[in-house]
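Student: Starting off with a structure, shown below.
The values are calculated or read from the model by the stated rules, or taken from the named source; none is laboratory data. Everything numeric here is computed off the predicted structure, so don't read it as measured data. Ideal geometry is used to build each Cβ from the backbone, glycine not excepted, and the neighbour counts take in all protein chains shown.
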Amino acid sequence: MEHVEVADDTRIRAVLPTLSYLREHGAMVGLCSHLGRPKGVEPKFSLTPVARRLAELLGCTVPLLPDCVGEAVRRAILAMEEDDVLLLENTRFHAEEEANDPAFARALAEGFDLFVNDAFGAAHRAHASTEGVAHHLPAYAGFLLEKELRMLGGLLADPRRPFLAIVGGAKVSTKIDVLRALVDRVDAVAIGGGMANTFLSATGHAVGTSLREADREEDARRILLRAKEREIDFHLPQDAVCAPTADAPAGRVRDVDHVPADEAMLDIGPRTVEEDAGAISRAATIFWNGPMGVFESAPFAAGTKRIAELLAASRATTVVGGGESLQALEELGLASKMTHVSTGGGASLELIEGRTLPGVAAIPDR
Ligand code: ADP
Ligand code: MG
């Protein structure tokens, strides 16, 4: 098989503090993880590259076992010695993992004395390795899981105010519960990205060929109404970078009242950035989720870049969640300038929505 490299080791490095702590305290550690969405055993989803990267980061050998359950695994665990670290093969090679099969969860636990969950990014899934296994071993939260819960939970419980939420990304539909939760708690909202078009359309603007969800306009109006009831600032884009398609070589800045019928709004414009900058400068806490435009395409990346730079320069507590938001920050080299960048896309949003994460609920005393 070809030599696959880990393209982004952020999530591997994020568990190193827990791993070091456990090893310094005499634990032999068997690591359990998943990769991708394999249908049964698919070699291209093997954790081989992860084992290699872990070995580099830890400076020791990290053997990869051929499976995550079964006799060979049990024997390897029994043969472990002090300082040993080993990696179990992709848990999703077994359909029982995502089905949270109790017998599979018991098999995963076999040979171990305790379970430390540091997989915040998977904590919103009730799978065997995140939820099920916690019923078969004394279960604890790792440092990453604790930090995520403290930082994201802190936003909901006791944020320094004013608290600003910047929400972008593609669609209202995937973020509606997040928007509802936030609009009840924050002091200001700034909307960007594709979802802004649905808000603009809901408030009577012609949005051309922009990404827009007609069936979500009622939801958008309800969010706006709630913001009005609470008398919080709600910033919708004033202008946008428009083009016929996202692969156009360049866009044109247009007022949101003058979007041609054959063009789409693909990024927030400079007046919008300026207004958002004002909101950012007034905020003491900022939560950002979702890019402000089609940042994957250079002509429509400026809005996301400027917002990221403003957050990086801000003295406010800055917390960022979301897969593409994180990707944008990493590409800009600004991730380390944030107070906290969540490693969990879906998990961070579900937490903000106020939901209980099954992987967390399964840990006693959490
Ligand atoms: P996150 O993963 O950070 O939560 P989302 O998954 O909601 O963010 O959305 C990310 C996607 O939204 C990006 O791939 C980006 O191209 C797209 N997007 C942003 N603005 C627009 C827009 N104006 N029109 C269409 N797509 C957009
Ligand atoms: Mg995403």
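Student: Quick check on the range 70-83. Is at least one of its residues under 20 Å from residue 359 (Cβ atoms) and not assigned by TED's automatic domain parsing to the domain that holds residue 288?
Tutor: Initial filter on the range 70-83 (under 20 Å from residue 359 (Cβ atoms)): none.
Taking every residue of the range 70-83 in turn, none turns out to be under 20 Å from residue 359 (Cβ atoms) and not assigned by TED's automatic domain parsing to the domain that holds residue 288.
Student: Could you tell me whether residue 143 is away from ligand 1 (no atom under 12 Å from the Cβ), more than 19 Å from the chain's Cα centre (by Cα), surrounded by 16 or more Cβ atoms within 10 Å (Cβ to Cβ) and aromatic (Phe, Trp, Tyr)?
Tutor: No, not satisfied.
Student: Another question, if that's okay. Determine, yes or no, whether residue 346 is within 15 Å of ligand 1 (Cβ to nearest atom), buried (at least 19 other Cβ atoms within 10 Å of the Cβ) and not in a loop (DSSP other than H, G, I, E, B).
Tutor: Numbers: within 15 Å of ligand 1 (Cβ to nearest atom): yes; buried (at least 19 other Cβ atoms within 10 Å of the Cβ): no; not in a loop (DSSP other than H, G, I, E, B): yes.
Against the criterion (within 15 Å of ligand 1 (Cβ to nearest atom), buried (at least 19 other Cβ atoms within 10 Å of the Cβ) and not in a loop (DSSP other than H, G, I, E, B)), residue 346 does not qualify.
Student: Would you be able to say whether some residue in the range 130-139 is of a type in the set (S, T, N, Q) and either without any contact (Cβ under 8 Å) to a residue 60 or more places away in the chain or assigned to a helix (DSSP H, G or I) (or both)?
Tutor: Within the range 130-139 (the criterion being of a type in the set (S, T, N, Q) and either without any contact (Cβ under 8 Å) to a residue 60 or more places away in the chain or assigned to a helix (DSSP H, G or I) (or both)), the answer is no, since none of the residues qualifies.
Student: Determine which member of the set 124, 136 is modelled with pLDDT of 95 or more, within 16 Å of ligand 1 (Cβ to nearest atom) and not hydrophobic (A, V, I, L, M, F, W, C).
Tutor: 124
Student: Scan the range 182-192 and give yes if some residue there is within 17 Å of residue 321 (Cα to Cα), near ligand 1 (Cβ under 10 Å from one of its atoms) and not in a loop (DSSP other than H, G, I, E, B), otherwise no.
Tutor: no
Student: Could you look through the range 311-343, keep only residues that are near ligand 1 (Cβ under 9 Å from one of its atoms) and on the phi < 0 side of the Ramachandran plot, and pick out the one that is modelled with the lowest pLDDT?
Tutor: Ranking the candidates gives 323 first.
Student: (1) within 16 Å of ligand 2 (Cβ to nearest atom); (2) touching a helix residue (DSSP H, G or I) at 6+ places or on another chain (Cβ under 9 Å): which one isn't true of residue 314, the others all being true?
Tutor: (1)
Student: Considering only the range 193-207, state which residues are away from ligand 1 (no atom under 11 Å from the Cβ) and either of a type outside the set (A, V, I, L, M) or in a helix (DSSP H, G or I) (or both).
Tutor: Passing the criteria: 199, 201, 202, 203, 204, 205.
Student: Output the residues belonging to the range 319-342 that are away from ligand 2 (no atom under 13 Å from the Cβ) and surrounded by fewer than 23 Cβ atoms within 10 Å (Cβ to Cβ).
Tutor: Selection gives 330, 331, 332, 333, 334, 335, 336, 337, 338, 339, 340.
Student: Filter the range 155-194 down to the residues that are within 16 Å of ligand 2 (Cβ to nearest atom) and closer than 18 Å to residue 355 by Cα, then identify the one that is surrounded by the fewest Cβ atoms within 10 Å (Cβ to Cβ).
Tutor: Across the range 155-194, the extreme among qualifying residues is 173.
Student: Counting only residues that are hydrophobic (A, V, I, L, M, F, W, C) and over 17 Å from residue 167 (Cα atoms), which one in the range 254-283 is surrounded by the fewest Cβ atoms within 10 Å (Cβ to Cβ)?
Tutor: 261
Student: Shifting gears a bit: If you take just the helices (runs of 4 or more DSSP H) that sit entirely in the range 1-117, which of them hold at least 1 residues that are hydroxyl-bearing (Ser, Thr, Tyr) and buried (at least 19 other Cβ atoms within 10 Å of the Cβ)?
Tutor: Filter on the range 1-117 gives 16-24.
Student: Output the residue which, of all residues in the range 146-173 that are assigned to a loop (DSSP other than H, G, I, E, B) and either touching a Leu at 6+ places or on another chain (Cβ under 8 Å) or without any contact (Cβ under 8 Å) to a residue 12 or more places away in the chain (or both), is farthest from ligand 1 (Cβ to nearest atom).
Tutor: Result: 158.
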